[in-house]
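Peer 1: Once you've had a glance at the structure underneath, I'll fire off some questions.
Only the coordinates and a few stated rules stand behind these numbers; no lab work does. The structure displayed is predicted, hence computed values, not measured ones. Note that each Cβ is placed from the backbone with ideal geometry, even for glycine, and that neighbours are counted across all protein chains shown.
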Amino acid sequence: TMGNWLVNHWFSATVLAAWLGINIFLFTYYFLFFDQDERYFYTRAILGSALAWARASAKCLNFNSMLILLPVCRNLLSFLRGTCSCCRRTLRKQLDHNLTFHKLVAYALALLTAVHTIAHLFNLERYNHSQQATDGSLPAVLSKMHLQGSKWLNPIHSNQTVSAGPGIQPPATACPLPPSPILPPLQTVEYVAFTTIPGLTGVIITLALILMVTSSTEFIRRNYFEVFWYTHHLFLVYFAGLVIHGIAGLVRGQTEESMEEVHPHDCAQYLTQKDEDCSHNCCKDPEFGSIPAESWKWVLAPVLLYIFERILRVWRAWQKVVVTKVVMHPARVLELQMQKKGFSMEVGQYIFVNCPAISLLEWHPFTLTSAPEEDFFSIHIRAAGDWTERLIDTFQQQKPEMPRIEVDGPFGTASEDVFQYEVAMLVGAGIGVTPFASILKSIWYKFQQADQTLKTKKIYFYWLCRDTGAFAWFNDLLASLEQKMAESGKADFLTYRLFLTGWDTSIANNVALRFDTATDTVTGLRHKTIFGRPMWNSEFAAVAAAHPRSVVGVFLCGPGALAKSLQKSCHQHSSLDPRKVKFYFNKENF
């Protein structure tokens, strides 16, 4: 099984290893740099190893912030999919893991943010402790240097003040209190966190990240999509805060000029025992400067790319969409047939839809159910959440004017590659049948036009539904396909199995009474509906036996649990021998 996994996922494993490797390299390199470089000798005297932890995690945060937007640049991915149409299947498949990689990078950002924050909390506590110290120790001496100028090392200048940054003076107090060991320290960690640029931006971007990560859970996305949608736009706050975060330069190191004059290797010992009539080369106090802000250099290119992506989406959304037909199907499923100038699609692609009458900002993804050969494009919308409920209600109201619809797309998915395989297994669960409706319609047109370029020789189609009403969505399509394939002499081209996963005794009794009829009682089709769930091991074994030397594409639009089951079956039934059957798993991701 491990061998099969490596055969099917070697490229994914390589990408993951490269990403992990770069993170480990950056963290290790900069940890050792800040832990050993002599420019930060005096900084480490105050902060200890927390300096290296904070700076190393910051570098990794910059690297992952650079990557986080790329997997959600949908136009970029569609462009790459188009340019990679002649590439190896393994390379194209990586584009289908875009959201998985996006989530992985997001979790890495959350972990690194925790490390960075904890390290800086230690740093602030040590800065505070060093400033209050009166024992003549090196941290205490360093903390009292250059308090009136801009060459300071400790940003906490007294019990009352903190430096907001180079060139920024703290607010004057009406009655400044003299430092006293009896007074409690007014310069707390909380005070620094909410009154400095790094502290305040750090708090804001951490809160934004927490909200984005927690609202991205499967439960929230499925049941409260609007919460996920709006909180995810806090990425604007995150990136703005990230760019500003380091400009104040509170964490500092010794300047190059000062290093040449008073190198810590030679002069550190004299700082705690300096005479008033000093005459040696180490009389001058070391001077310190801020570490230049670098976050903007890491994120500038991806942010500009994403801005271009959004401009392109807005431009496409402004183009007029005409709703030509509205069909209300059983089980509260709305079909919209539309036309748009210059719209061109491939099978299995999806679009984003906005209805300004419901919400100006919300865009929701829907798979196209029409074929490229048709002169319109269509989507099927199931009631699942507030937005879809309101959209269906809006179109059900008999108004003289249709509600305005805006469309962005189409965008590529794994299902585009279905005709690249000789044998394809299509698995849809409930409304997850939509991308395969597009594929099956396209096949119907290819048979109609006697298309000789069709590489696919056999399709197995599995549709799992909880209730009988759902089967009515595409009954007509399946019935016409049956007839067309029989007329073309290719009745064996499509094998489909319909599974009813939820039923009651009345349905079961009705089926039992009409068991001998030529057509199915539930759907009216020639293939009988199967009650229960598929036995995937049996299904895969049968396909492997029927096509012992073929490459089989397995395509799913359905829940994660089903994806795991199918992926496991793909691994188990693929042969390590390159001349024998191989199953490649592909899943729709939005």
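Peer 1: Applying the Karplus parametrisation 6.51 cos²θ - 1.76 cosθ + 1.60 with θ = phi - 60° to the phi angles of segment 374-389, what ³J(HN,Hα) value in whole Hz is obtained for each residue in order, glycine and proline being reported as x?
Peer 2: 7, 8, 9, 10, 9, 9, 10, 10, 9, 5, 8, x, 4, 5, 5, 4
Peer 1: Something else about it: Can you figure out the FRET efficiency of Ala110 with Glu389, using R₀ = 41 Å and their beta-carbon distance, to the nearest 0.05?
Peer 2: Efficiency computed from Cβ-Cβ geometry: 0.80.
Peer 1: Hey, if you drop one equal point scatterer on each alpha-carbon of segment 319-411 and run the Debye formula without solvent, what base-10 log of I(q)/I(0) do you get at q = 0.12, 0.13, 0.19 Å⁻¹?
Peer 2: -0.33, -0.40, -0.89
Peer 1: Separate question: Cα gyration tensor of segment 341-387, axes a ≥ b ≥ c as square roots of the eigenvalues: rounded (a/c below 1.5), prolate (a/b > b/c) or oblate?
Peer 2: prolate
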